[in-house]
Structure formats: structure tokens, C-alpha cells
Amino acid sequence: MIESVAIHAPCQESANSKLQTIRDPNLPLCWLLARSPFPIVITPSIVWEFTRIYSDFLSAMRSFRFSIKTPVPTQQEAHRWGDFHFARGIQAALKRAGHQTRIDLWTEWSRPSSEPDEIVLVIRGLQRYTPRAEHINLLWNISNPDNLTSEESADYDHVFVASPRKIPIDPQTTKSTSVLLQATDPELLREDPIEQTILRLPHPPLLFIGNSRRPEVSLSKELRLALSGHGRFTLKNITLGARAVLNSVLGEKSAANRNYSRKIVEDALQSGIALSVIGANWNGLIPRECILGTYAPYSSLAHYYRSCNILLNDHWPRMSQHGFISNRIFDAGAAGAFVISDYMPELKDIFGDDVVMYHDAADLKQLIEHYLHADNERGEKAAALHTRVIAEHTFDQRVNQIIGVVEQILRQRSGNSEESNPANKLPTTGISTIEQS
């Protein structure tokens, strides 16, 4: 903490303004002092402050080249993939931090570039990427937690996992692993005062956004590796894989309404309260009057989030099992939505009471009936969630944490890790070491 900074300025008002700027914890002190138009006298009590933020100053002086690898197959499908919008959020934050960035779709992973990449950040999907030794290789596991193995993790300089729960990764083979939750881009979710006038979008009281669910095809580990290019096809794994796919297809025809729906939608319908759903493949599964649309462009999501009274959210079973919080929570919070979600311990740990959770259909009905008529309480929780998300869960904050890890990797590679220096340790805000199982 800065105890004494003497500033000689033409007027006291200017001096006070400069002092306030220097006290801003979000700006590197070295950067401010180097560019100050006024003579600044530094007392001995702030010398340590210079040492502490010196690594931040060096980071600000260097621009990295990032390649973000996404599992999105083609440009034509990109707008329907949450992973693509997630990558765009990272890209925008990296650019704001002064770094060069490009997004590679799955088919572009191996394309040559005029400028060699320094850092590769892989958004892990179904496909496995093969890291190259000349890069700093980072992996961010935000979905499909069952697909990440210790062998794959060992190929990376650092693995980020979007779950605070312990992940089954062998500490003997994994170089470095830490928690990095998903995030949002508030710039894309700001309220536009003219959007409702121009678009004339509806204002549903109770809303769910998401497609109906198809049965998950359970493939063996060996076949998943073969499909990702890191394993061998055998008659056994091909036969078992074909059988799993065939059973899934036949199951769709014989029991479409058994596996296609989502529990939170079924539970909400049991409440008897009018529900609006935006998503694909709901025909025949829910009453036609409930279907508000089949697709909501990303540019319209913010409107729906903040205009509905209650936004419903759920998690894929495997994501919930491993503690991966839905990214919709972060986006909805940034937009100012009030959210009711299925129960998940990590939601309580991360968001406290800002996200309301339910346990069964009767519980959900009671919560919906209460909050539809509790405008003040609903507004307070929505505001609290918004404040928390903006303060702790933006892509700008995640990028700061990623750059901190990159700087440590560079120090380790140069043989100058200086572990005793507090400035060289991993950032602790929003990122922590995963408990190994």
C-alpha cells in the first residue's frame, strides 16, 4: 500500500487527481510514475511496491502472439457454437491487453501462419490437439471432462480446468494444473436503450434457452482416442462404437420423449406456470405454445436475459458431476438476469445466494411462484449476481491470470524462476491449484 507520494503540480486539484490515479490498484505503479508529468518524490516505504509490481510492468511492455484453438468444425457453424463465442471473448480481452491473437477452427489447427505463434491456448472439446515443442502450450478444459487424460495433460506446459472440484489427473505426469473458471464479456452484454424499440423482442416472464437433449453416445476410451487421431482403430472398438451409435438412433425412434427433454423444463411445466422456451428440436416434446423460437442469436441473448423475470439454467449431468459451472450463469449475470438453476454445490461456493437453486419439481414450483411476485427480492439478487460477475468473472480478469502463468513458464524456461520473490508466484485471485485425487 502506498503510504506517501509527494507530487509537485501547478495546482492542488491536479495533484489530487494524479494522487488518486496512482492509488488505482488496477494500474501498474511503474507505468504511472514513468509517464507522470509531475516530479514525484518516492519515500522508502514504497520501494517494495516497485519490486512487487515489477513483473507486471515487464508483462505490459511485451506483446505475445496467441493462437486460440477451438473445436468448432466450420465457419458456417461457428455462430451456433458456444465455444466460438467463448474464444471470441478471450480474443477481445487479449487484444485489450495488447496481445496479438487469432482464432483457429478445428480444420485450421495446422495451418501455416506468416507470424510464428508464441503461445497456443487450446479450448478442449471432443478433439485432441498435438502440441508443438517450440510453443508455450496451454489447455483450458471447459467441457467434456471425461475426455481429458493424464497422458494428454502431460503434453502441455499448463492445464486450466474450469471446475473447483478435484480432477483425476496424475500429478506425476502433469507439469502444472490450476483452476480457471469460465467467464463473460460484459461489453457484449451491455443494455442497449434502443434494442427493444428496434427489435421488438418479447419479454417472457419465465424463460429457458437451450436445445432439447439427445442421448449421449457412450464410446470407449480406446475409440475416443482413435477418433481424435491419437489411438488405433481395432475391430473391437469399432464394433462397440457402432453398437452404441445404433442403440442411440433406435432409442430416438422408440422413446423420443424419454431422452430428448431436459429435467428443468419438465419440472417447470409441472408447475403449471406459462413457460417460454427458445431452442431447437422441441416440437412434440413440449406444448407448441411454449416454443418462443428455435434460435436466439448471440446479439439478442442479452435482451432475453434481462427482460425475462426468471431465467432457468441447467447443467449436463457429466458437467455437474465434475463441478463445471454452465457458462450461461456468467453471461446471464453480466446481463443482469435473475437465475434459478438446478442444484450444484459449486454454484453455492462461487456465487453464494446470488443464484437460486432448486432440488425437485415441487421445490421449483414454489420458487417460481414466489419470485414472480417478489420484484424487489428478485431485483436485489440479480443486481448482486451482476456485481459479482463483473468484479470477479470477466475475460479480462482471466487473461490477466493466463498471462501470469505464461510469465512464470518463461521464467522457468530461462532458469530464473526466483521462487522466493513474491512477484513471481502464480496469481491467487480466481485461480488455485487443483486438489489431486
Q: May I ask you to list the residues in segment 132-143 that are out of contact with any strand residue (DSSP E or B) (no Cβ under 6 Å at 6 or more places or on another chain) and without any contact (Cβ under 8 Å) to a residue 40 or more places away in the chain?
A: 132, 133, 134
(Q) Consider segment 318-374. How many of its residues are more than 17 Å from residue 208 (Cβ to Cβ), of a type in the set (Gly, Ala, Ser), in contact with a helix residue (DSSP H, G or I) (Cβ under 8 Å, 6 or more places away or on another chain) and not in a loop (DSSP other than H, G, I, E, B)? (A) 1
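Can you name every residue in segment 179-188 that is buried (at least 17 other Cβ atoms within 10 Å of the Cβ) and modelled with pLDDT of 85 or more? Before the answer, list the steps.
Step one: filter segment 179-188 for residues buried (at least 17 other Cβ atoms within 10 Å of the Cβ), giving 179-186, 188.
Result: 179, 180, 181, 182, 183, 184, 185, 186.
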Q. Across segment 64-105, what is the number of residues that are buried (at least 20 other Cβ atoms within 10 Å of the Cβ), part of a helix (DSSP H, G or I), in contact (Cβ under 8 Å) with a residue 60 or more places away in the chain and hydrophobic (A, V, I, L, M, F, W, C)?
A. 4
Q: With the checklist (1) touching a strand residue (DSSP E or B) at 6+ places or on another chain (Cβ under 7 Å); (2) assigned to a loop (DSSP other than H, G, I, E, B); (3) within 27 Å of residue 347 (Cα to Cα); (4) not β-branched (Val, Ile, Thr) in hand, flag the one item residue 129 doesn't pass.
A: (3)
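Given the residues 157, 146, 170, which is the only one that is at pLDDT 90 or above and within 27 Å of residue 346 (Cβ to Cβ)? Break it down stepwise before answering.
Values: 146 fails: at pLDDT 90 or above; 170 fails: at pLDDT 90 or above.
The unique qualifying residue is 157.
The values are calculated or read from the model by the stated rules, or taken from the named source; none is laboratory data. What you see is a predicted model; the values in this text were computed from it and never measured. Methodologically, a virtual Cβ is constructed for each residue, glycine included, from the backbone with ideal geometry; neighbour enumeration extends over all protein chains shown.
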